[in-house]
Protein chains: 4
Amino acid sequence: MIRVALIGSTGYTALEVARLLLAHPQAELTVATSRSDEGKPLAEIHPFLTGRSNVALQPFDAAKIAEQADVAMCCLPHGASAQSVRELAAAGVRVIDFSADFRLSSVPLYEHWYGVTHPWPERIGNVVYGMPEFFADQIATADVVANPGCYPTSAIMPLAPLVREGLIETNDIIVDSKSGVSGAGRSAKLGTLYCETNESIAAYAIAAHRHGPEMEDLVHRIAGTPVEILFTPHLTPMDRGILSTIYVRPTLSVGDTTESVQSKLSDALRRAYEGQPFVHVVDHLPATKHVKMTNHVQMTVRVSGEPTTPGRAVIVCAIDNLSKGASSAAIQNMNVMFGLDETSGL
Amino acid sequence: MIRVALIGSTGYTALEVARLLLAHPQAELTVATSRSDEGKPLAEIHPFLTGRSNVALQPFDAAKIAEQADVAMCCLPHGASAQSVRELAAAGVRVIDFSADFRLSSVPLYEHWYGVTHPWPERIGNVVYGMPEFFADQIATADVVANPGCYPTSAIMPLAPLVREGLIETNDIIVDSKSGVSGAGRSAKLGTLYCETNESIAAYAIAAHRHGPEMEDLVHRIAGTPVEILFTPHLTPMDRGILSTIYVRPTLSVGDTTESVQSKLSDALRRAYEGQPFVHVVDHLPATKHVKMTNHVQMTVRVSGEPTTPGRAVIVCAIDNLSKGASSAAIQNMNVMFGLDETSGL
Amino acid sequence: MIRVALIGSTGYTALEVARLLLAHPQAELTVATSRSDEGKPLAEIHPFLTGRSNVALQPFDAAKIAEQADVAMCCLPHGASAQSVRELAAAGVRVIDFSADFRLSSVPLYEHWYGVTHPWPERIGNVVYGMPEFFADQIATADVVANPGCYPTSAIMPLAPLVREGLIETNDIIVDSKSGVSGAGRSAKLGTLYCETNESIAAYAIAAHRHGPEMEDLVHRIAGTPVEILFTPHLTPMDRGILSTIYVRPTLSVGDTTESVQSKLSDALRRAYEGQPFVHVVDHLPATKHVKMTNHVQMTVRVSGEPTTPGRAVIVCAIDNLSKGASSAAIQNMNVMFGLDETSGL
Amino acid sequence: MIRVALIGSTGYTALEVARLLLAHPQAELTVATSRSDEGKPLAEIHPFLTGRSNVALQPFDAAKIAEQADVAMCCLPHGASAQSVRELAAAGVRVIDFSADFRLSSVPLYEHWYGVTHPWPERIGNVVYGMPEFFADQIATADVVANPGCYPTSAIMPLAPLVREGLIETNDIIVDSKSGVSGAGRSAKLGTLYCETNESIAAYAIAAHRHGPEMEDLVHRIAGTPVEILFTPHLTPMDRGILSTIYVRPTLSVGDTTESVQSKLSDALRRAYEGQPFVHVVDHLPATKHVKMTNHVQMTVRVSGEPTTPGRAVIVCAIDNLSKGASSAAIQNMNVMFGLDETSGL
C-alpha cells in the first residue's frame, strides 16, 4: 500500500483526497497535518469521515512524515507551500503540490502574479506539471509534481492540441469559465457565504486572474507556440464543477465549411486523447453534472457561421474542479508516480 | 413621509428594510448607522441599492438621529441592542427592535437564555410584541416595539388561537422548523459558507434554541395558558423561508372524526385571522415559495388517524423569515404605529 | 385604475405580472385567460396568489376582454400569440406581447428562425420594441408593443450605445450569457427537472439561439449600423437572473490606454442612460442578485491588456430575466403607454 | 465477475447503479433494458456514462437475461415490477427489486396502500427485506430481495433497536423527514421542475405516504412489537439526501436524567450496529452532506427537558436517498448474496 500524507488537512481538496483514498485499493491515508488542532481526529474537522478514518492531526515535521508516508499531497496556500515541499523533498518524500508554487515556467512570472518572493526559485522550470495526458513520463520519475490549477485544466486540455496542430489562431482566444463555489476554498469569508452566492452568478477578476497566465504558459509549453488568452472566471451557484466556454478563431483553408472545421477540430482532439481513459470528446453539449465527482473530462466543438462561411469555433469543456481540477488529478498523478494502473481508485 | 433610521446596516434584515422602503409610498430611509465605515454609501455595503439610495453610513448618535428620523429600526445583536434602544427612546425616537432584548416576559428568562445581564430590565414586561394580528392597539401607541423572532412567528400564529380556544393539548406540542440560511445572519462563519450548507439539511440546537422559550412565552401571553413546546430548527439549503411542521394533540369530544377535528381547527384559525390581510388559512400544503419575499403567512391543518379515530393534528405554516419573520413585519408595525394603512408598502 | 388582462396565465411571466400588479397603485388585474381550467381561480394555478387575488380563469374572447380591460399582456407561445394580438388589437385593446412575434424587423428573418408562417405579416416592421430607454415616444401611443426578449435586453442595452458612437468593432462581438432556469418556462420537460439542472451548468443552442438575431436586429435598429454577434446561452442553477459577459473590440485611437478606453466606454454608457431610472453603469462587478426581482439593470466595463496596449473590453450586464427581461419591463411599458410615472409600481 | 442486469434503465436509481458498478471490482453491468429506445447506448440516456459504458438498451426478455446476467436490479414502478421479478426468478435470475412490491408483510396492506392487485401474492411474506444489518443470512441465499424504501431506511434503522429493547413508547412516534428531489424520480412533472422546488421547502402526503406503513411493518418485524408512526415527508431543495428527525418518548425508570436517557438510547444503537461497516452512531448532529453519495448512515440522539425531568428524545438520522436509500443498498445486498465482502465497491 502506498502511504499518503495530507499536508494541510482542513480544506475541501484535502477532504476530497481523504475521500478518494478510502476507495483506493493500493493507497491509504496515514498522515494528516494541520497547523492547529494537534491530536484531533481528522474526522472531527470533516464529519463526512466519521467512522471511516482514524487518522489524527499532527504538526508538520518533514523527517517524521518521511517515516510515515511515501508521498505527500500538499494542500497549503501558495508561498507557504513551496517551503514545505522543499523540506519534504529534502527528507525524501515525493510530493504532489496543490499550490501554484511550481506550476509556472519562470520566477518573474510567478512573482509578478503571486506577489511573493519564491522560496525555492531554483526549482522553477524544473518541476513537472501534473497532467499525465501530456507529461506521464516525467511524472513517473518526479520527486515533485505541480498539480494543475482547476480553471487551467479546463482550458489547457482543449486548447493545447489545437494550437499544437496549428488549427486555431493563437492571439485571439477567449476563455469564459464558470466555477462552483468550492473553488474559493473553505475559509470563512463574506463573499462565499451561502446567501451571497446562492441564486446569483457573477464574474470576478476579469482579465486579472492568476490562472490566465498559467493557461498561456502551459499551452505554450505543450504546443510550442506562445498564445494570448483573455480569461474571465465566474462564481456559479453550485458546489462543484467548471464549465469553460472557449471562443477561438479557426485557421481556415480554401473550401472550409462549418462542418469541415468542426470535424477537423474534433478529430484533432480525439487523436490527442486517444487511449486516454479520462478525456472524452463528445457529441452532446457537456454539463458539469456529466463529470461530477469524477476524474473525467468532457469536451465538444461547435462552429458558428453560415455553412460555407465558418466563423469562430466554440469549445465547451466540463470538469469537476475538486476532482480533475484538484484531488482526483492528484490521485491520477500518484498512480503514475508509483507505477499503478492510472485509473486505480478513480 | 415617515423618516426611518436604520441602526446597524450591514446585515440581511437591514438590506431588506432598505429594499422595502424603496417601494413604500409614505416612508423613506433617511439614516443608516454602522460602527465602522463612516461616510461610506450604504449602497457600497449592499450593491443591490446602487443607484437607488444615496444614504451614507453615520456613527450612532441618538440625539442626532432624533433630528433626522421619526422611527428607528434597530438591527443590532441582542444585548447591544437594548442599550441603543434605551438611548433612542430617551431621545424621543420611536423604536422597532429586531433583537430579542424586549421580547420575553421576564428578566430571568432572558438572562438564562441569552447569558447576558439585561441593560434595561425595568422595561421587560412593558414592551409590546410586534405582532399586529394580536397587539395592534398597543403597537399604535408604543414608544418601543419588540419585533418578533422568525421561528416564533411561524409557530405562534398557528398555535395561539388553538390554545386560546382549548382545542389542543398544551403539554405535547412539537415544532419542527426548517429555515433558509439567511436566518443565520451575514457574518463570515464556516457553518454558513455556501459549500457547507448547500445540498444538505441538518438540525441544530435541538431543544436548546432561544426561540423555543419565545414561542412558549408568547403563546402563553396571547392564549392565557402556559404551554410546553419541543422545538427543533433545521438549516435548509435556500436563502429565505421558514416552514414549520407542528405536531399537536387535539382535545377530542365524543364522536369526533378526523374530518370534524380538521374543520374545528381550521375554522378556529380562520376566525382568529378574519379580516387580517396577511394571514391565510389555506387548503393546499403551503411551500415557502408561496410566501417568498412577502409579509404573508400561509397555514393549513391535517389530521392523522383512521376516519373515526382521529390522531394528532399536523399544522404546516410558511413564512418568509426575512419578511414576516423580520423586516416586512417591522414595516407592518411601523404602519400601525404611524396610523398608516397596515398594508402600505407591503 | 388601468385594467389589465393576462392572456395565457399559467406560466412564470404571467405569475410575475400578477405579482407586480398587486403592488401597483394605478393598475389592477381584471382578467386572466387560459385554454383550459375555465372558472378555476388563478390562485389555484399559482398558490402564491392565495388570498391575494380573486380573478378566475376565463376562455379567450377578444370582444369580452375589450369590455373588461384597457390593456392585455399576452403571455402566449410565439405563433399562437400573433393571432391573439391581432384579435385584441382589432377589438380595441392595447397589447403588450411577450412573444417574439413582433420583435424582428422582417418577415423572412422571423420565419427563418421561428419556423412558422407569420399570421400577421403586415405588422412586422410596424410594431415598437418595448424598450422605453430607446423608444418611449412610440410606446406612448402604440396599440401593440413587442416586449423584449430576456437575453436580448441584457445585450442590447450595453451594446447599442457603444455601436451608435462607433466605439467598438461591429463584426467581432461575443455575448456569453448565463440564465436562471425560469427562462425555460413552466411546462414539464425532462431538461428542466430539478435534478437535471441543479448543481450543474451547461451551454445550449450555441450560435443557434433565436435571441441572437434579435440582438443583432435591435442593435442595428437603434445604432444604425449592422453588427455580428456570436451568442451562447447557458442554463445556470438558479431560479432567476441573466448575466451577460460581452467581449468586444474597442476602436482605438493613438495614445489609448486601458484606462482611457475604459473611461470612454463607461462614459458613453453613462451618457446614454442619464436620467433613466432603471439603468446603472456601476463600478463593481454586478451579480444577478444585485438586481433580483427588480426592473433594474447593472452594467460595468473592464478593459484587458497591458496599460498602454489595451485589448478587448469585457462588459458585464446583469438583469432579472423575469423582471426587466419580461414582466416588469411590461409594466414599465404599460406605464409609458398610459402616461403614468414610468417607475410606478416598480 | 458478477454480471448485473439493469431492468428499467432511465431513472436516477438506475444511473446510480451503473455508476457504482463502474467502481466495483467484482461486478459489472452487462444488460440494461428499457421499454423503448432499443439499441440505443445507455450512455445516450445518461451522458454521465459517456465513454465509460458501452452497454446498449435491449427489451425485457427474462430468458435472454438469464444467459447474460447473474443478478437483476429491477428499477420498475410498483405493480409493473412484480411481474418482471416473477419472470426473472422463474428464469433463474436472482433479483433485487427496487419497487415496493415485496416489501410489506401482507397482501391486503399492499393492496390498500398501492391500489393495485398484487401480481404474485403468494410471495408476499416470503421475500427478505434487503437490510443486511438485520437480515444478512436470509439475503445470502435469497432468490428475490426487496430493496428497502428510502424514507423507511432512515426511520427503521434508528427505531428498530430501540423498540426491540423496550426503550421507547411504541404508540407515539413521529417521523419528520426531509428528502432531496431525486426521490421523486426522473419523469417530467410540473411539481419537480427546478423553479417549483428550488428555494422552497414543503410537506406532502402528510400521514398518507406509503412509506409510513412500511416503517411500521418493518419495525414490527424486526423488533417483534407493533408500533404506530406518524410520518411526514418534505420535499427539500437539494438533489440527494434524507434527514429524518424522529420524536420518541423514552420509557423512563426512576432516577432517569436527560443524560442517562441519552446514554441508554445511544448505547442501544451502538450495540445494535457494532461491527456494521456502514452505520455510525455519532456525537455531532449529522447533515445529509456527511453521507452524500455513500452507503453510510449517521444517527445521533438528543433528549429534551430539564436535567432531572427528561422529556422526549429526538433522534436524527441522515442517509443518501439514492445510495443507502436505494442503489448502494442494492450493491450491498448483491455483495451479501454472492458472498463478496459486504463493502466491496462501496
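Report, by residue number, each residue of region D:245-285 that is within 18 Å of the chain's Cα centre (by Cα) and of a type outside the set (Phe, Trp, Tyr). If you could, list the steps in order and put the result at the bottom.
Start the filter on region D:245-285 by keeping residues that are within 18 Å of the chain's Cα centre (by Cα), which leaves D:245-246, D:273, D:276-280.
Matches in region D:245-285: D:Thr245, D:Ile246, D:Gln276, D:Pro277, D:Val279, D:His280.
Can you tell me how many residues within region A:300-311 are surrounded by 24 or more Cβ atoms within 10 Å (Cβ to Cβ) and either of a type in the set (D, E, K, R) or more than 12 Å from chain C (Cβ to nearest Cβ) (or both)?
Here the count works out to 0.
In the set C:Val254, C:Val281, C:Val291, C:Val297, which member is modelled with pLDDT under 95 and hydrophobic (A, V, I, L, M, F, W, C)?
Values: C:Val281 fails: modelled with pLDDT under 95; C:Val291 fails: modelled with pLDDT under 95; C:Val297 fails: modelled with pLDDT under 95.
Only one candidate passes the filter, namely C:Val254.
Do we have any residue at all in region A:143-152 that's more than 22 Å from A:Tyr273 (Cα to Cα), touching a residue at least 40 places away in the same chain (Cβ under 8 Å) and out of contact with any Cys (no Cβ under 7 Å at 6 or more places or on another chain)?
Yes, the conditions are met somewhere in region A:143-152.
Kindly establish whether B:Val175 is open to solvent by less than 10 Å² (accessible area, probe 1.4 Å) and within 14 Å of chain A (Cβ to nearest Cβ).
Working: open to solvent by less than 10 Å² (accessible area, probe 1.4 Å): yes; within 14 Å of chain A (Cβ to nearest Cβ): no.
Considered against the rule, which asks whether it is open to solvent by less than 10 Å² (accessible area, probe 1.4 Å) and within 14 Å of chain A (Cβ to nearest Cβ), B:Val175 comes out as no.
Filter region C:197-221 down to the residues that are within 12 Å of chain A (Cβ to nearest Cβ) and either of a type in the set (A, V, I, L, M, F, W, C) or surrounded by 22 or more Cβ atoms within 10 Å (Cβ to Cβ) (or both) and list them by number.
Taking region C:197-221 first, the residues within 12 Å of chain A (Cβ to nearest Cβ) are C:197-209, C:212.
Listed by number, the residues that qualify are C:Thr197, C:Asn198, C:Glu199, C:Ser200, C:Ile201, C:Ala202, C:Ala203, C:Ala205, C:Ile206, C:Ala207, C:Ala208, C:Gly212.
Taking A:Ala207 and the conditions (1) in a helix (DSSP H, G or I); (2) at positive phi, which numbered condition does it fall short on, given that it satisfies the others?
(1)
This table checks each residue for (1) more than 28 Å from D:Asp283 (Cα to Cα); (2) surrounded by fewer than 20 Cβ atoms within 10 Å (Cβ to Cβ); (3) among the β-branched types (Val, Ile, Thr).
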residue: A:Asp37; (1), (2), (3): no, yes, no
residue: A:Ser53; (1), (2), (3): no, yes, no
residue: A:Ala56; (1), (2), (3): no, yes, no
residue: A:Ala66; (1), (2), (3): yes, yes, no
residue: A:Ala69; (1), (2), (3): yes, no, no
residue: A:Ser81; (1), (2), (3): yes, no, no
residue: A:Asn126; (1), (2), (3): yes, yes, no
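Any idea which residue in region C:260-293 is nearest to C:Leu322 (Cα to Cα), counting only those that are of a type in the set (S, T, N, Q) and within 13 Å of chain A (Cβ to nearest Cβ)? Quick ask: steps written out before the conclusion?
Applying the first criterion (of a type in the set (S, T, N, Q)) to region C:260-293 yields C:260, C:262-263, C:266, C:276, C:288.
In the following step, the residues that additionally are within 13 Å of chain A (Cβ to nearest Cβ) were identified as C:262, C:288.
On the way: C:Gln262: 30, C:Thr288: 12 Å.
Among residues in region C:260-293 that are of a type in the set (S, T, N, Q) and within 13 Å of chain A (Cβ to nearest Cβ), the one nearest to C:Leu322 (Cα to Cα) is C:Thr288.
Could you check how many residues of region C:178-188 are part of a loop (DSSP other than H, G, I, E, B) and surrounded by fewer than 24 Cβ atoms within 10 Å (Cβ to Cβ)? Give the steps one after another, and end with the answer.
Taking region C:178-188 first, the residues part of a loop (DSSP other than H, G, I, E, B) are C:180, C:185-188.
With surrounded by fewer than 24 Cβ atoms within 10 Å (Cβ to Cβ) added as a condition, the list becomes C:185-188.
Result for region C:178-188: 4.
Here are some residues: B:Pro121, B:Pro108, B:Pro77. Which one is within 17 Å of the chain's Cα centre (by Cα), open to solvent by 10 Å² or more (accessible area, probe 1.4 Å) and in the same structural domain as B:Val31 (by TED's automatic domain parsing)?
Values: B:Pro121 fails: within 17 Å of the chain's Cα centre (by Cα); B:Pro108 fails: within 17 Å of the chain's Cα centre (by Cα).
Step by step, each of B:Pro121, B:Pro108, B:Pro77 is checked, and only B:Pro77 is within 17 Å of the chain's Cα centre (by Cα), open to solvent by 10 Å² or more (accessible area, probe 1.4 Å) and in the same structural domain as B:Val31 (by TED's automatic domain parsing).
Looking at (1) crowded, with 23+ Cβ neighbours inside 10 Å; (2) within 24 Å of C:Cys195 (Cβ to Cβ), which one does D:Gly191 not meet, given that it meets all the others?
Failing condition for D:Gly191: (1).
Tell me which of these C:Ile139 doesn't satisfy, since it passes every other one: (1) in contact with a helix residue (DSSP H, G or I) (Cβ under 6 Å, 6 or more places away or on another chain); (2) in contact (Cβ under 8 Å) with a residue 60 or more places away in the chain; (3) assigned by TED's automatic domain parsing to the domain that holds C:Val297.
For C:Ile139, the exception is condition (3).
State all residues of region C:120-138 that are under 29 Å from C:Pro277 (Cβ atoms), assigned to a loop (DSSP other than H, G, I, E, B) and β-branched (Val, Ile, Thr); if no residue qualifies, say none. It would help to see each step written out before you state the result.
First pass over region C:120-138, keeping only residues under 29 Å from C:Pro277 (Cβ atoms): C:126-138.
Retained after the next criterion (residues that are assigned to a loop (DSSP other than H, G, I, E, B)): C:126-127, C:130-131.
Listed by number, the list holds a single entry, C:Val127.
Any residue at all in region D:40-49 that is crowded, with 20+ Cβ neighbours inside 10 Å, under 25 Å from D:Gly325 (Cβ atoms), away from chain A (no Cβ under 11 Å) and out of contact with any Asp or Glu (no Cβ under 9 Å at 6 or more places or on another chain)?
Scanning region D:40-49 turns up at least one residue that is crowded, with 20+ Cβ neighbours inside 10 Å, under 25 Å from D:Gly325 (Cβ atoms), away from chain A (no Cβ under 11 Å) and out of contact with any Asp or Glu (no Cβ under 9 Å at 6 or more places or on another chain).
Could you tell me how many of the residues in region D:68-103 are within 23 Å of D:Ser328 (Cβ to Cβ) and modelled with pLDDT under 95?
Qualifying residue count, region D:68-103: 2.
In region C:232-264, what residues are open to solvent by 60 Å² or more (accessible area, probe 1.4 Å) and of a type in the set (Asp, Glu)?
Passing the criteria: only C:Glu259.
So A:Ala188 fits all but one of (1) small (Gly, Ala, Ser); (2) more than 12 Å from chain C (Cβ to nearest Cβ); (3) out of contact with any helix residue (DSSP H, G or I) (no Cβ under 7 Å at 6 or more places or on another chain); what number is the exception?
All conditions pass for A:Ala188, except number (3).
Quick check on this structure: which one of B:His220, B:His234 is of a type outside the set (Phe, Trp, Tyr) and out of contact with any strand residue (DSSP E or B) (no Cβ under 6 Å at 6 or more places or on another chain)?
On the way: B:His234 fails: out of contact with any strand residue (DSSP E or B) (no Cβ under 6 Å at 6 or more places or on another chain).
One residue alone meets the criteria, B:His220.
Determine whether D:Ser179 is under 21 Å from B:Asp239 (Cα atoms) and hydroxyl-bearing (Ser, Thr, Tyr).
Yes.
Being under 22 Å from C:Ile319 (Cβ atoms) and assigned by TED's automatic domain parsing to the domain that holds C:Asp172 is true for just one of C:Asp267, C:Asp256. Which residue is that? Lay out the reasoning, then the answer.
Values: C:Asp256 fails: under 22 Å from C:Ile319 (Cβ atoms).
On inspection, the qualifying residue turns out to be C:Asp267.
Please specify each residue of region D:278-307 satisfying the condition of being polar (S, T, N, Q) and out of contact with any Gly (no Cβ under 9 Å at 6 or more places or on another chain).
First pass over region D:278-307, keeping only residues polar (S, T, N, Q): D:288, D:294-295, D:298, D:300, D:304.
Correct list: D:Thr294, D:Asn295, D:Thr300.
Mind listing whichever residues of region D:308-329 are touching a residue at least 60 places away in the same chain (Cβ under 8 Å) and in a strand (DSSP E or B)? Before you say what the answer is, go through the steps one by one.
At the first step, the residues of region D:308-329 found to be touching a residue at least 60 places away in the same chain (Cβ under 8 Å) are D:310, D:312-329.
Matches in region D:308-329: D:Pro310, D:Arg312, D:Ala313, D:Val314, D:Ile315, D:Val316, D:Cys317, D:Ala318, D:Ile319.
Have a look at A:Gly166, A:Gly224 and point out the one that is more than 7 Å from every other protein chain (Cβ to nearest Cβ), at positive phi and in contact with a Ser or Thr (Cβ under 8 Å, 6 or more places away or on another chain). Step through it out loud before you land on a result.
On the way: A:Gly224 fails: in contact with a Ser or Thr (Cβ under 8 Å, 6 or more places away or on another chain).
Within the list A:Gly166, A:Gly224, the selection yields A:Gly166.
Counting only residues that are touching a residue at least 40 places away in the same chain (Cβ under 8 Å) and out of contact with any helix residue (DSSP H, G or I) (no Cβ under 6 Å at 6 or more places or on another chain), how many does region B:247-259 have?
Within region B:247-259, the first condition is being touching a residue at least 40 places away in the same chain (Cβ under 8 Å), and the residues that meet it are B:247-252, B:256-259.
Among the residues that remain, those that are also out of contact with any helix residue (DSSP H, G or I) (no Cβ under 6 Å at 6 or more places or on another chain) are: B:247-249, B:251-252, B:256-259.
Result for region B:247-259: 9.
Taking region D:135-166 as the region of interest, how many residues are over 23 Å from D:Ser81 (Cα atoms) and open to solvent by less than 20 Å² (accessible area, probe 1.4 Å)?
Residues that pass the stated criteria total 10.
Within region C:5-20, take every residue that is open to solvent by less than 10 Å² (accessible area, probe 1.4 Å) and among the hydrophobic types (A, V, I, L, M, F, W, C) and give me the one that is farthest from the other protein chains (Cβ to nearest Cβ).
Here the residue is C:Ala5.
The values are calculated or read from the model by the stated rules, or taken from the named source; none is laboratory data. Small disclaimer: the values here were computed from a predicted structure and weren't measured. Positions of Cβ are backbone-derived with ideal geometry, glycine not excepted, and every protein chain shown enters the neighbour counts. To get the accessible areas, we keep the full protein, side chains included, count just its heavy atoms, and leave off ligands, DNA and RNA. Shrake-Rupley method; radii C 1.70, N 1.55, O 1.52, S 1.80 Å.
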